[in-house]
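Colleague: Have a look at the structure that comes next, please.
The values are calculated or read from the model by the stated rules, or taken from the named source; none is laboratory data. Just so it is clear, the structure is predicted and the values come from calculations on it, not from any experiment. Using ideal geometry, Cβ is built from the backbone for each residue, glycine included, and neighbour counts are taken over all protein chains shown. Surface areas here come from the heavy atoms of the whole protein model, side chains and all, with no ligands, DNA or RNA. Shrake-Rupley method; radii C 1.70, N 1.55, O 1.52, S 1.80 Å.
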Amino acid sequence: MLDCAPVETPPQGRNRLNVIPRDQHCISRKNISDSALKVMSRLRAKGFQAYLVGGAVRDLLLGGHPKDFDVATDATPDAVRELFRNSRIIGRRFRIVHVRFGREIIEVTTFRGHHDSDEAAQGAGHSRQSASGLLLRDNVFGTLEEDAVRRDLTVNALYYDAGNFEVFDHVGGLEDLQAKKIRVIGDPTQRYTEDPVRMLRVIRFAARLDFQVERETERAIAGCAGLLREIPGARLFDEFLKLFMSGYAEATLEKLLAYDLLRYLFPEAGERMVEEEVALAVVRAAMRNTDQRIAQDKPVTPAFILAALLWPVVQADALQRQEHGEPPMVAMHEAGQDAIGDVVQHIAIPRRFSQPMREIWEFQLRLQNRRGRRAAELVDHRRFRAAYDFLLLREQAGEDTGDLGAFWTGFQALSLEERLQQAGSGGGGRQRKRPRRRRAGPER
Ligand code: ATP
Ligand code: MG
């Protein structure tokens, strides 16, 4: 149910500009960031149009508190740049302006116009599509109505005018918001062809908002899914972060599997998850764990989720290598190396995450060793916590680790002295060098 549903249902019909006056929706300026209000009022004062748009309007209408605020305007990026000293133009595919207020960034986009039939504009380099229809560049400017139909989903194409408090809906977004529907604007096949990442966005918002995917929006996915192979690895990684690090990872995972899209992010791991219950269980547990941590405002790292996603692949490969005579640690190291090498062909995992992933995997072997000084000192290792959490995850998923988790739970609660003693390392802590005794001199 829409938290702040309009008092009257707006006139039905898509592709008609519906204007919803202030007394028929409950967006309040109180819930809008001061910085966004400032940007919009400055633009309006200079004679431009300026609206709050996208996720912020959607979330305000759902009664939520948006985390970021995007503004759409008819001012060109250069004009916006000139109006705000604290701003810079970013992007090539889409030129947008970031206006900075301390740590907050307001993203200002100029209304997009039609690009497909506009050959003059294409020739001038404002808009470009690949042979397969992928939109390479889209900097043709237009009106609010044109901008609305260039957006991805109907619920993401609502505009709020903070000057006279009206909401503008050109694509039936309000109706879909009320019906809890995720619907791509226009013809889904064409829109996915222009930008295949929109399929991932459909999944992300359906999971996050707990909305139903509309039939045509859903149906076109199977035929277009392969286009995701054209997306550069860096963009896929950005999308991966939004999919799995926003607090709805578990629901997102289920949907990615249901629509058979996970394989385009993680080909081998995705397949294994479909085939093996345990492989899926460990990933599911990692997702749930991450969601819970985000809900509790605890820090999370993509390395942990990524380590879980690839674990079934790494583990199977490491075992196979051991069967061929490689020592366990070498086998694990090589398997980890290979798994990462393969996956970065599709999705660009930065080294600052792939390194800890490898450490988490290799630590799983070190945790098997319960005896000796090494075991006692492992608890103080900077990667211990993540590796221990990962071990518990594996157990939660039904892997038999010989009760290792319980051992390390108890063991880490002990002091180093006690651990050394229990691990059979003699106790007494690190053997401190005794201060060399002064040679006994003559008694004074
Ligand atoms: P979030 O709360 O996750 O930020 P959002 O809806 O604001 O959600 P953004 O990724 O910040 O999502 O994008 C801002 C807006 O830009 C979207 O609401 C949508 O209107 C438009 N948009 C983003 N990506 C695309 C795309 N690939 N194709 C078309 N429109 C897009
Ligand atoms: Mg946003």
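Colleague: Please find, among E218, E194, E146, the residue that is in the same structural domain as N31 (by TED's automatic domain parsing) and over 28 Å from I294 (Cα atoms).
Modeller: Testing whether each residue is in the same structural domain as N31 (by TED's automatic domain parsing) and over 28 Å from I294 (Cα atoms) leaves just E146.
Colleague: Counting only residues that are in contact with an Asp or Glu (Cβ under 7 Å, 6 or more places away or on another chain) and either open to solvent by 10 Å² or more (accessible area, probe 1.4 Å) or away from ligand 1 (no atom under 16 Å from the Cβ) (or both), which one in region 37-54 is farthest from V167 (Cα to Cα)?
Modeller: The selected residue is F48.
Colleague: Please give the helices (runs of 4 or more DSSP H) falling wholly within region 323-380 in which 1 or more residues are touching a residue at least 60 places away in the same chain (Cβ under 8 Å) and open to solvent by 70 Å² or more (accessible area, probe 1.4 Å).
Modeller: Fully inside region 323-380 and qualifying: 328-343.
Colleague: Looking only at region 45-94, how many residues end up being within 16 Å of ligand 2 (Cβ to nearest atom), within 22 Å of T143 (Cβ to Cβ) and in a loop (DSSP other than H, G, I, E, B)?
Modeller: 4
Colleague: Could you figure out which of (1) at pLDDT 90 or above; (2) open to solvent by 20 Å² or more (accessible area, probe 1.4 Å) isn't true of M1?
Modeller: (1)
Colleague: Same structure, new question: Identify the residue in region 63-101 that is among the charged types (D, E, K, R) and away from ligand 1 (no atom under 16 Å from the Cβ) and, among all such residues, is most open to solvent (accessible area, probe 1.4 Å).
Modeller: Once the filter is applied, the top-ranked residue is R85.
Colleague: Here is a follow-up. Name the residue, out of N139, N156, N164, that is modelled with pLDDT under 90 and either touching a helix residue (DSSP H, G or I) at 6+ places or on another chain (Cβ under 9 Å) or of a type in the set (D, E) (or both).
Modeller: It is N139.
Colleague: Search region 224-262 for residues being closer than 20 Å to D195 by Cα and among the charged types (D, E, K, R), and hand back the single one that is least open to solvent (accessible area, probe 1.4 Å).
Modeller: So, considering only residues that are closer than 20 Å to D195 by Cα and among the charged types (D, E, K, R), the one least open to solvent (accessible area, probe 1.4 Å) is E239.
Colleague: Pick from region 176-207 the residues that are among the basic types (K, R) and part of a helix (DSSP H, G or I): which of them is surrounded by the most Cβ atoms within 10 Å (Cβ to Cβ)?
Modeller: Out of the qualifying residues, it is R191.
Colleague: Please go through region 222-236 and pick out each residue that is under 19 Å from I347 (Cβ atoms) and in a helix (DSSP H, G or I).
Modeller: Listed by number, the residues that qualify are C224, A225, G226, L227, L228, R229, E230, G233, A234, R235, L236.
Colleague: Sticking with this one: Is it the case that V282 is over 17 Å from the mean Cα position of the chain (by Cα) and open to solvent by less than 60 Å² (accessible area, probe 1.4 Å)?
Modeller: In short, yes.
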